[in-house]
Amino acid sequence: MSTTRRHFLATSAAAASAVTLLPFAAMAEAHAANTFATNAGDVTVHPIEHASIVLTTPVGTIFVDPVGDAALYADHGTPDLILITHEHGDHYNADTLAALVGENTQIIANPAVYAMLSEDMKAKASEMANGATADYNGMGIDAVPAYNTTADRAQFHPQGRDNGYVLTFDGLRVYISGDTEDTPEMRALENIDVAFLCMNLPFTMDKEAAASAVADFMPSYVYPYHYRGQDGGTQNPEEFAALVGEDVEVIIANWYGDDVMPT
């Protein structure tokens, strides 16, 4: 992969120049969105909460794993495309989905979630299994396996059920991990410009495993997300950034509405 970094802008009012790493408290205060250039126009990242993301892109507005109050998404209009990684309540909620979809919204989900959809929702939806590919308005979509590799965590995300996604725009590739550990499929990813990487215990992986995976697939930028866990399983994004080092730029966003990261 080329070491040349894609053009990047931090678009919050608090950022007067290009910024790719802010201390957690500063990022939380700024409520910053980040914009990445493609050959067809900009992709802007809007962190919503935990695992929920909005991307405004040249091919339309994409909601990823939208859950929670529909008011969280009010500033972003009706989605053109919704991507769902798997069935857990912090990634899929039928009531939220029903509140957000519009007449022309399309949904892509893993087969397990597709099977749970109402008939009305299925009429708007397509299912993608691990390894499947699709095209949406010229954007490529690859369904990347997302699963636990540690034996005592396998019940959370069994192999073959859940998806991550790689979105390929003209000149930009975005990886959304969903819930997973540092699988061989993740480590084998190529030419990823922007990655969203989960890290929490006991459900996914710790910051050390996430940083190790980053060292293998080398995205240009990585967002730690989905990092709150149970019984001490929360992973500190600043500590993750320190483990990643300087070869990949870490963007710490406001996923939880806090001004400080709990220890």
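The values are calculated or read from the model by the stated rules, or taken from the named source; none is laboratory data. Note that the structure is predicted; figures quoted are calculated from it, not measured. Every residue, glycine as well, gets a Cβ built from its backbone with ideal geometry; the counts of neighbours run over all protein chains shown. To get the accessible areas, we keep the full protein, side chains included, count just its heavy atoms, and leave off ligands, DNA and RNA. Shrake-Rupley method; radii C 1.70, N 1.55, O 1.52, S 1.80 Å.
Worth a mention:
- Every pair of residues 6+ apart whose Cβ atoms lie under 8 Å, when the first sits in region 168-183 and is of a type in the set (Asp, Glu) while the second is crowded, with 23+ Cβ neighbours inside 10 Å and part of a strand (DSSP E or B): Asp179/Ala146; Asp179/Asp162; Asp179/Cys198
- Of residues in region 38-62 being under 10 Å from the mean Cα position of the chain (by Cα) and without any contact (Cβ under 8 Å) to a residue 40 or more places away in the chain, the one nearest to Thr85 (Cα to Cα): Ser52
- Test for Ala109: is it under 14 Å from Ile84 (Cβ atoms), in contact with a Leu (Cβ under 9 Å, 6 or more places away or on another chain) and crowded, with 20+ Cβ neighbours inside 10 Å: yes
- Selection count where residues are closer than 14 Å to Arg187 by Cβ, part of a helix (DSSP H, G or I) and open to solvent by 50 Å² or more (accessible area, probe 1.4 Å), scope region 213-245: 2
- Residues that are closer than 16 Å to Cys198 by Cα and touching a helix residue (DSSP H, G or I) at 6+ places or on another chain (Cβ under 7 Å), drawn from region 129-176: Val144, Pro145
- Across region 130-151, the number of residues qualifying as free of Cβ contacts under 8 Å to residues at least 24 places away in the same chain and either closer than 13 Å to Leu81 by Cα or of a type outside the set (Ser, Thr, Tyr) (or both) comes to 4.
- Filtered residue count, region 162-202, keeping only those that are within 19 Å of Met128 (Cα to Cα) and either of a type in the set (Phe, Trp, Tyr) or buried (at least 23 other Cβ atoms within 10 Å of the Cβ) (or both): 14
- Each residue in region 170-195 was checked for being within 16 Å of Ile108 (Cβ to Cβ) and not in a loop (DSSP other than H, G, I, E, B), and 3 of them qualify.
- Selection from region 218-242 of residues that are within 16 Å of the chain's Cα centre (by Cα) and without any contact (Cβ under 8 Å) to a residue 40 or more places away in the chain: Val222, Pro224, Tyr227
- Boolean, Ser12 is among the polar types (S, T, N, Q), open to solvent by less than 40 Å² (accessible area, probe 1.4 Å) and at pLDDT below 50: yes
- Applying the condition of being in contact with a His (Cβ under 9 Å, 6 or more places away or on another chain) and open to solvent by 20 Å² or more (accessible area, probe 1.4 Å) to region 68-104 and asking which residue is nearest to Tyr223 (Cα to Cα) yields Asp90.
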